[in-house]
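None of the figures in this text is laboratory data; all of them are computed from the coordinates on show. Worth saying up front: this structure is predicted, and the values here are computed from it rather than measured. Using ideal geometry, Cβ is built from the backbone for each residue, glycine included, and neighbour counts are taken over all protein chains shown.
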């Protein structure tokens, strides 16, 4: 380590510190020491007060040589020419200040750099590990950012943790980098950065914008399959729902639009009322949006005229809501908006009072055993649709019956409408999902292998319905009986079957399957017993075609 000091640059040449104390700085041992000609004493505030307790002792004068070179202090007429300030190595009051002794021997703090005075300086080996110098790293990071190299800047700041606001600065630079990536069309990089910045500034909205632009580019390139997922990730942004539906049409994916309208549910009724929206209602003449469903093969209706969606292997039935309004200016009226229903509850689904936020979606599934599952509740659903880019599509994997309700509260801020300031509204729909297959899969109890039509299972078989819970299945068992007129088939039972049923008694089993929603049917015959049974069956004139 080397040290330099000066009153002005030409006054004193650099000198080497020879006798360093434990803290790396020499100390005065007494006030009567000989004048130092080859050493510079870099004192701290504590050392000054310890070794020079009297103010008079702390006065500093320059040498004749220094005075001849212009090191003069003229601020106080009562002080002899030549007295000067002495900068200390202790920090001052503010982060940009340093302590000093003025010409009177009084300790002060300031940041005036052009003032003449004895100044300590340190020589540092900058080839050392930069991790030891976080300040230098932060300065370097800022320089990278000024040059537009935000990636290098954030990488450097990430190593500093919370040092001097480095974490906040890294977020800002990452945000700037994301904007650069989006502007250059590098949407994947922008999305990754915005996702990492979730919740920072308007990163969520910009992330959705990048997803949307990426989806538009893919759609224009003809990649409709990939585009659907991208628009789904973009959520409700610009015309994303319309573009998503266009992708469905291009791929031949069916779309079903629900026609259910909103009803006036009163105020604080648990959304239980179902009044028609009349002409004097704040909701009259406009709709919030509409539900639509994709990913099914066919749609039919049940005995109650409710839609039944038939799905087959590979289908992914998905429910969407296309928000058609600005939730802060409904029907283009800035006085009309979606309110935060802080004490919302739903009477039909038994949802207790909770913060519904700006619209709550409720979905309840009833399974094949008529067991109603706990409702899935999505609070703040319309806020998510309108502002945050949250994933608001509902994928319906299971067969069963579904009830869906969208509860929301509208606020009228018009002063003349003070008596009808709030109103609760509801969109309700119900539908069913059924598997479109008409298959049952018999498995050999001995080998575990799937049995084909007219197969022989020596130990019996079990039925697997492949999670198709709404098929009508009957199993008929017959045996061969010898009579005076020869061998005949004698039926022993013909009854409904269910998933997992096992059949081990010897006989000829006929499995009949029908799907009431598609009108399709399937029949399979399985022999339980030895191969001899099948041979006997054929030997007595029963054709295998009859079995099929």
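Packing, taken as the mean count of other beta carbons within 10 Å per residue, orders the peptides 148-155, 322-329 from highest to lowest as 148-155, 322-329. Sorting 521, 278 from the fewest to the most surrounding beta carbons within 10 angstrom yields 278, 521.
When the alpha-carbon atoms of the range 441-547 are used, the pair Rg, Dmax equals 14.2, 46 angstrom. Size estimate for the range 130-250 follows the Kirkwood approach: the inverse of mean 1/r over distinct Cα pairs works out to 15.6 Å. Place a point 7 Å from the Cα of residue 167 along the Cα-to-Cβ direction; which residues of the range 177-210 have their backbone N under 18 Å from it? Taking a point 7 Å out along Cα→Cβ of residue 167, the residues of the range 177-210 whose backbone N falls under 18 Å are 196-201.
Note that the range 410-501 carries a Kirkwood radius of 18.7 Å, evaluated over its alpha carbons pair by pair. Averaging Cα coordinates gives a centre for the range 160-175 and one for the range 279-335; these two points are 44 Å apart. Going from the residue with the fewest nearby Cβ atoms within 10 Å to the one with the most, 533, 338 rank 533, 338. With no solvent and one equal point scatterer placed on each C-alpha of the range 303-409, evaluate the Debye formula and give log10 I(q)/I(0) for q = 0.19, 0.20 Å⁻¹, two decimals. Here the Debye-derived log intensity ratios amount to -1.06, -1.12. Whole angstrom only: what separates the Cα centroid of the range 196-226 from the Cα centroid of the range 486-519? Spelled out, the Cα-based centre of one part sits 54 Å from the other. With neighbours defined as other Cβ atoms within 10 Å of a residue's Cβ, the residues 374, 196 order from fewest to most as 374, 196.
Protection proxy ranking, highest mean first, for peptides 309-318, 185-194: 185-194, 309-318, where packing is the per-residue count of other beta-carbon atoms within 10 Å, averaged.
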